[in-house]
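The block underneath contains the structure these notes are about, expressed in structure tokens.
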Amino acid sequence: MTKYVINGGNPLYGEVSISGAKNAAVAIIPAALMVDGVCRIENIPQISDVSMLLNILKQMGAEIRTVNRHTMDIDCTGIRTHEATFDMMRRIRASYYLIGALLGRFGVAKVAMPGGCNFGGVRPIDQHIKGFTAMGAALEVKNGIVNAETATGRLMGASIYLDVVSVGATINIMLGAALAEGRTIIENAAKEPHIVDLANFLNSMGADIRGAGTNVIKIKGVKKLTGGFYSIIPDQIEAGTYMAAVAGAGGEVTIKNVIPKHLECISGKLREMGVEVEDLEDAVIVRRAATLHKTNVKTLPYPGFPTDMQPQISTLLCTAEGTSIITEGVWDNRFKYVDELAKMGCQVQVSGRTAIIEGVKRLTGATVKASDLRAGAALIIAGLGADGTTEVEGVSYIERGYEDLVEKLRAMGADITAVAMPDEPEAAEREAG
Ligand SMILES: CC(=O)N[C@H]1[C@@H](OP(=O)(O)OP(=O)(O)OC[C@H]2O[C@@H](n3ccc(=O)[nH]c3=O)[C@H](O)[C@@H]2O)O[C@H](CO)[C@@H](O)[C@@H]1O
Ligand SMILES: C=C(OP(=O)(O)O)C(=O)O
């Protein structure tokens, strides 16, 4: 077990390079399971969600060769099993993509229910089930295991209207449909950059997917996908998190290896708060000299403000002048972290999906615990700008999605150290989170 110890008050300067996107990598790696041949994948982030998925594929019989720290050759040709019921499946959200990938490849799947960040409510998969059922699969969820099978050994193309805009359901159905018989249309599809990235990956392996990035995706099933080469897009949320860190701590940092278009909404909110954000071709420069101003934020599916940046932007607003209102438009309950922020002096009142934040002048360091990945990022941002020392526990959540976080922040001048703590049952902590 590890905790992060942060001595706040150092402004951040220099540059930071953004890693490959977690939410694209965790879709593309399971997609490799459907490919006959070697997929060379570049810009794979070194995060625990990715190592968990690679381990799952290896356990199933995939051959995985490390080319360099961020490039792997994944060959799933030898996989003969349609079962993925390992315990580690429950630790990550994206393990549910194995349902689509296995149904696509074998027409049958037995997969453990996913885990991932627990925001205090259920994370349903009814839209995934609705999609696969429309495509001719019979699904049953029993004792934490999803059993899915098709009568013909192959999914059939179908028209599917999603009742809610779901990233996971859009991706999962797209995976199954890539190798289905006939044409699938997904309406009211999610439009996140990682959906476009997965479609580009599958198309480069021989799939026929059009419209990814709009709310109607059309997929013509093909018989076979063949190996190739692909590079994962940069992580929009990692970039946004470092932008927020500079806004919180002060200073000036060039955030490299980003797609500024994916950051427009985050940059826009930071500008409203008085932060300077300059767009370059594949970088943004973030500068904060003056006090932050209040603003209101509503999270929405892409291209709206991302829910995965909500805890970080809310934390910044805790030291902005005036009263800000945050509305969570995606998840029922994503404000658990505010109890931890209160220990540092933040004044936040939560009512249902809304948080009202009264800005205070300074935060003070405290011992706090991350309840999920982005809650952890928010606590680090609070600690960087606070007076005194902040100790952040629950680091295993943060490691799910941030590569080399301590090293990257130290290189910008932050005083942050990872300190080993006496062992505690990590799995129990995740489940409780
Ligand atoms: C691995 C990954 O990419 N995780 C992201 C993905 O999660 P995930 O794919 O789980 O999130 P969804 O987009 O599916 O969820 C969005 C909303 O739809 C609801 N819903 C979803 C599926 C379903 O079958 N039924 C249903 O009602 C959810 O409760 C939620 O209110 O998108 C979320 C929303 O941008 C992000 O916070 C997560 O970081
Ligand atoms: C909620 C997140 O991830 P997951 O869906 O993998 O739990 C996230 O990336 O903020």
Ordering of 193-199, 415-421, 218-224 by packing [mean C-beta count within 10 Å, highest first]: 193-199, 218-224, 415-421
Extension reserve of the Val216-Tyr161 stretch, reckoned as 0.36 nm per residue once the Cα distance is removed: 18.9 nm
Given charges at Cβ of Lys, Arg, Asp, Glu: the chain dipole, positive-most of Gly131, Val167, Thr77: Gly131
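What does the helix-only formula give at 222 nm for the chain: each DSSP H stretch with n ≥ 4 adding -39500 (n - 2.57), the total divided by the residues, and the result rounded to the nearest 500 deg cm²/dmol? Walk me through the intermediate numbers first.
Values: 14 runs with 134 residues, N = 433.
Counting only the DSSP helices, I get -9000 deg cm²/dmol.
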Local net charge near Glu278, Cβ-Cβ under 15 Å (Lys/Arg +1, Asp/Glu -1): -2
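For the ranges 248-254, 21-27, 58-64, what's the packing order if you count other beta-carbon atoms within 10 Å of each residue, average per peptide, and put the highest first?
Details: 248-254: 21.6, 21-27: 26.7, 58-64: 15.1.
Those peptides, ordered most packed to least, come out 21-27, 248-254, 58-64.
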Nearby lysines by direct alpha-carbon distance to Lys256 (threshold 16 angstrom, same-chain neighbours under 8 apart not counted): Lys408
Sites Lys223 and Thr133, calculated FRET efficiency, Cβ-Cβ separation with R0 22 Å, nearest 0.05: 0.40
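Subtract the Cα-Cα distance of Thr364 and Thr291 from 0.36 nm times their separation in residues, and report this length gain in nm to one decimal. Numbers along the way, then the final one.
Working: separation 73, 0.36 × 73 = 26.28 nm, distance 1.73 nm.
Residue separation times 0.36 nm, minus the Cα-Cα distance, leaves 24.6 nm.
Please work out the FRET efficiency for the pair Gln349 and Glu264, using the Cβ-Cβ distance as r and a Förster radius of 45 Å; give the result to the nearest 0.05. Each step should come with its number before you reach the end.
Numbers: r = 30 Å, r/R0 = 0.66.
Result of the calculation: an efficiency of 0.90.
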Estimated inter-spin distance, Asn68 and Phe86, nm [label 7 Å along Cα→Cβ]: 2.7
Summed residue charge, Cβ within 11 Å of Ala94's Cβ, Lys/Arg positive, Asp/Glu negative: +3
Separation of alpha-carbon centers, the stretch 315-356 and the stretch 100-162, rounded to whole Å: 34
Label-point separation in nm, Glu407 to Met1, each point 7 Å along Cα→Cβ: 2.6
Two-site label geometry, Glu281 and Arg183: point separation in nm, points 7 Å out along Cα→Cβ: 3.9
Neighbour net charge for Gly401 - beta-carbon separation under 11 angstrom, K R +1, D E -1: -3
Members of Lys3/Lys110; Lys218/Lys261; Lys142/Lys336; Lys58/Lys110 lying beyond 26 Å, as alpha-carbon distances in this model show: Lys3/Lys110; Lys142/Lys336
Whole-Å distance, taken between Cα centres, linking the stretch 187-248 and the stretch 251-270: 19
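Using Cβ contacts closer than 10 Å as the measure, can you line up Lys3, Lys269, Lys361, Lys343 from fewest to most? Provide the component values of the computation, followed by the final result.
On the way: Lys3 20, Lys269 23, Lys361 8, Lys343 17.
Ordered from fewest to most neighbouring Cβ atoms within 10 Å, Lys3, Lys269, Lys361, Lys343 come out as Lys361, Lys343, Lys3, Lys269.
Would you kindly state how much longer the chain becomes between Thr152 and Thr323 on full extension, computed as 0.36 nm times their sequence separation minus their alpha carbon distance, in nm to one decimal? Working shown, then result.
Working: separation 171, 0.36 × 171 = 61.56 nm, distance 5.87 nm.
Roughly 55.7 nm would be gained on extension.
Take Met1, Met89 and order them by how many other Cβ atoms sit within 10 Å, fewest up front.
Working: Met1 15, Met89 22.
Arranged by neighbour count, lowest to highest, Met1, Met89 become Met1, Met89.
Values in this text are rule-based calculations from the coordinates and carry no lab data. In this text the structure is predicted, and so the values were computed from the model without any measurement. All Cβ positions, even for glycine, are placed from backbone atoms using ideal geometry, and neighbour counts span all protein chains on display.
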